[in-house]
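Please read the structure below before turning to the comments.
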Amino acid sequence: MHFQSLVANGLMSVFGMITLSIVYRSLKVTDIGVYIFFLSIIGLIDNLRAGFLTVTIIKFFSGTSTERGREVAGSAWLLSAIIAVIFFIVNIPTYFISKTVSDQGLALILKYFALISIVTLPCFMADCIVQAKKRFDRMLWLRIFNQGSYTLLVFTLASLHKLNLTTLLYTYIASNLFASIMVIILRWTMMGTIFKAKRDTVWELFHFGKYSMGTNISSNLFGVTNTFIINFLIGPAALAMYNLGGKLMQIVEIPLLSFVTSGMPLLSSNYNNGEKEGMIYTLKKLVGMLTVVLVPVVIISLIFAEPIIHLLGGKNYVANEAPNLFRIFIVIALLYPADRFFAIGVDVIHRPKINFYKIIIMSLSNIVAIFIGVWIYHSIYSIAFASVIPIIVAIYMTYKPLNDYYNFNFLSIYKVGFQELVLLYKLQKNKFFSTSKNVL
């Protein structure tokens, strides 16, 4: 299950890297900045919806009866449809306002955010449901339909010398529309269950989701904050440099996302069955193993930052800030597993309010740290360094309620992770030698 999730998200990362490499080699640096700004805000809007519904669907759907699962899916569909209608209504005045906005990236957002939200809805719901059902084989196909088609269209346009900001936007919408049509045809969305929605279940999902959205936003919000500050205070060109250094964090984000995706149903099952010790041990194992595995990745990235940047963005980006920004990001990434899984753990033990309040405090600390850094040093590096502050705040705020739920030592996480990796190595080694003897 973990492997299927890793392959699905890893494939998405590969497609994303190829697409970004083509874009960085085909567009002007200012246009790339506009494109990055557009994707960042669209990502934030999508994360608001995903944070509201993804965790909620998985928590209430996993391990339940067929009838209860259909009721949860239908209620989630009703909520998502209401969100889409609200976006559409809001988008009517913003569409006309966009004509008076001078910033190109912001104008594109004001024009098209509702259209993109509606087009991506079936694919989004299918993604939530296949996670809840632990059908990560289907998730692999979802990534191919969506990101694969996008990469193919971008490559085709670049080959024909037709790739520009406008065609890139239309390609993004077309690829998401194609993916949504495919999941509807394959009947992975459970769209028909909307008629099974019940008022009590809708309110149950709503009251949980309004707090649980903090979990999903946490990984996206601060990048968006930084994007806003860089775009409006420094400029789109600097944003392109910053994004190139940060985009390589897919090296960390993909395995992390994969284990979060496949790990949450396990944590939810432990909690629903009253297995406190089992849930915390699973949490410690996942955080510890991922962090220990990251250490050699960080070391290699620190040494070979320049050639890695050259591979992704081309030779024009090696001599600027991008390699050192990547070095800063990759070191801070050692804290990511604890941040993400603690947030998920707090949701699982049914205390989503903590994540909601955590986001508010993280946002304030991030903004204060960034403005102090920019004011003192006037450097894009200060924004990168400031990103460690909200992560530390987040880990502290989520560790305490998890420790109250079942007492455990923070540092024991890494001990458990190392022990589990050693055990995994021994098991694979014994399996290899056992297979070799049988062959002989």
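General observations
- Solvent exposure of region 227-332, expressed per residue, is 40 Å² of accessible area, with all protein chains present and a 1.4 angstrom probe.
- Distance between region 152-214 and region 16-90 - C-alpha centres, whole angstrom: 7
- Percentage relative contact order, region 74-131, counting C-alpha pairs under 8 Å, at least six apart: 36
- Judged by the ratio a/c of the largest to the smallest principal axis of the C-alpha gyration tensor, region 60-134 counts as prolate, that ratio being 1.5 or greater while a/b is larger than b/c.
- Solvent exposure of region 34-183 as accessible area per residue, Å², 1.4 Å probe: 41
- Protein accessible area in the chain, 1.4 Å probe - carbon and sulfur %: 68
- With 26 Å as the limit on Cα-Cα distance, the pairs of LYS111/LYS133; LYS284/LYS429; LYS276/LYS400 that go past it are LYS111/LYS133.
- When the charge dipole of region 326-440 is built from unit charges on Cβ atoms (+1 for Lys and Arg, -1 for Asp and Glu) and taken about the Cα centre, the candidate among PHE408, ILE360, PHE385 whose Cα reaches farthest toward its positive end is PHE408.
- Applied to region 32-41, the Karplus parametrisation 6.51 cos²θ - 1.76 cosθ + 1.60 on θ = phi - 60° returns per-residue 3J(HN,Hα) values of 5, x, 4, 4, 5, 4, 4, 5, 5, 6 Hz, with x for Gly and Pro.
- Under the convention that each Lys and Arg Cβ holds +1 and each Asp and Glu Cβ holds -1, the size of the dipole of the chain around its Cα centre is about 760 debye.
- Computed from point charges on the beta carbon alone (+1 for Lys and Arg, -1 for Asp and Glu), the dipole magnitude for region 1-143 about its Cα centre is near 200 Debye.
- Neighbour net charge for TYR414 - beta-carbon separation under 13 angstrom, K R +1, D E -1: +2
- Listed by chain and number, the lysines whose C-alpha is less than 21 Å from the C-alpha of LYS210, apart from same-chain residues fewer than 8 away, are LYS59, LYS198, LYS353, LYS358.
- Look at (1) 26.7; (2) 23.3; (3) 25.0: the one that is mean projected area of the Cα convex hull in nm² derived from this structure is (2).
- Between GLU306 and VAL14, the C-beta separation translates, for a Förster distance of 22 Å, into a calculated FRET efficiency of about 0.55.
- Shape of region 298-427, Cα gyration tensor, a/c cut at 1.5: oblate
- All alpha carbon pair distances within region 273-349 were sorted into 10 Å bins beginning at 0; the resulting P(r) in whole percents reads 17, 35, 23, 16, 7, 1.
The values are calculated or read from the model by the stated rules, or taken from the named source; none is laboratory data. These figures come from a predicted structure and were not determined experimentally. With ideal geometry, Cβ positions are generated from the backbone for all residues, glycine too; neighbour counts draw on all protein chains shown. For accessibility, only protein heavy atoms count, side chains too; no ligands or nucleic acids. Shrake-Rupley method; radii C 1.70, N 1.55, O 1.52, S 1.80 Å.
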